[in-house]
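Quick notes on the structure that follows.
The values are calculated or read from the model by the stated rules, or taken from the named source; none is laboratory data. Fair warning: this is a prediction, and the values are worked out from it, not measured in the lab. So basically every Cβ, Gly included, is an ideal-geometry build from the backbone, and we count neighbours across all protein chains shown.
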Ligand SMILES: Cc1cc2nc3c(=O)[nH]c(=O)nc-3n(C[C@H](O)[C@H](O)[C@H](O)COP(=O)(O)OP(=O)(O)OC[C@H]3O[C@@H](n4cnc5c(N)ncnc54)[C@H](O)[C@@H]3O)c2cc1C
């Protein structure tokens, strides 16, 4: 289906301003989705050529900086292309789309300027986009966008989700956010309880396990809308709260045994169990396949089969307050197996507070005892 219909959008009009006058033309700059689409096509050709050049000259391992830049540029090009659909819905939407396409093209030019040979391109490969950038990077044009929020085009169910979480954020989160931030406090329990009452922790838990998910793409949208509104109130005590249980929920739904699903999902849906994610390590973040924490089969103090987990994790949001950690560890000692040697564990732990947590497992039988400790990173600022 063609996305764009030329008659819908006017070509930009130019005012007759004297050469050199510091006057913008943006007051009359109308959005132009056809030009936006042309710029996006051009950017895609540039990125495509760079990808082929990268592949032919040793790949990402030989040229990491180039690979990094291409990955970012490619994501921006695809986002701009996806926005064309949105831009077709009205004038404000079209203006936002043009502004984003111009920003994408500007970012691409900045990345490759002076590195054209590295990218396998002739000099100034984006020069045909300059007229578009001239119109849609104009500060006055961008300022005009600040006046009207972009319509979200949510269906009525999601509008209700949005209104509900917006009101919770305004009434419960915003009034507490600054105090928590300034005083390095814990997330108030009333916020966790309030969100639990609203069913926020069960948005991705399938209905048969006590949640609200009926499957399909809609459940992702519900999470996005809710998280956006909570984050508007505060990322620290709102937006980040439902995302960690969500990660564990999705892992369980996809890879858990039936017994694990029956046991954990209903508790996650009601926030009886709060989860944190312990994946990142001091030396491994993006390169998650290289993590070093090990899990070795062992007999527990009560004689049951289990694992001894050994090593250090970092950046474990909500780690102290959480009742369980979703912990990634290496179960196959052969490091050459990278991600294929890793397993996910659900590790129950006692709740701690802003001072962290520490607990010990007594020795017993063949088990020599163990200790788990978490220390907080203070809020900056
Ligand atoms: C506020 C906050 C909360 C977090 N919460 C959690 C949590 O709850 N649980 C958890 O497990 N983790 C958490 N993290 C960790 C987060 O997932 C990692 O910070 C992230 O994966 C990046 O890893 P890193 O910090 O080691 O950076 P690195 O991986 O070292 O990256 C550093 C820089 O190098 C770039 N880079 C990385 N790889 C390449 C490459 N191959 N080529 C070119 N450039 C590259 C990156 O884009 C980045 O700019 C949190 C982090 C923050 C800041």
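Quick look at the numbers
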item: Whichever residue in the stretch 118-134 is touching a helix residue (DSSP H, G or I) at 6+ places or on another chain (Cβ under 7 Å) and in a helix (DSSP H, G or I) and, among such residues, is nearest to residue 51 (Cα to Cα); result: 119
item: Search result, residues across the stretch 56-66 that are within 12 Å of the ligand (Cβ to nearest atom) and surrounded by fewer than 17 Cβ atoms within 10 Å (Cβ to Cβ); result: 59, 60, 61, 62, 64, 65
item: Residue within the stretch 158-171 that is in a helix (DSSP H, G or I), assigned by TED's automatic domain parsing to the domain that holds residue 227, crowded, with 20+ Cβ neighbours inside 10 Å and modelled with pLDDT under 95 present; result: yes
item: Count - residues of the stretch 229-274 that are under 30 Å from residue 178 (Cβ atoms) and in contact (Cβ under 8 Å) with a residue 60 or more places away in the chain; result: 17
item: Residue satisfying condition, being modelled with pLDDT of 95 or more and surrounded by fewer than 20 Cβ atoms within 10 Å (Cβ to Cβ), within set 117, 135; result: 117
item: Residue count for the stretch 306-316, restricted to those that are buried (at least 17 other Cβ atoms within 10 Å of the Cβ) and either in the same structural domain as residue 185 (by TED's automatic domain parsing) or within 22 Å of residue 378 (Cα to Cα) (or both); result: 2
item: Pair list, Cβ under 8 Å, 6 or more apart: the stretch 275-293 residue over 17 Å from residue 374 (Cβ atoms), other residue near the ligand (Cβ under 6 Å from one of its atoms); result: 285/315; 288/279; 288/280; 291/279
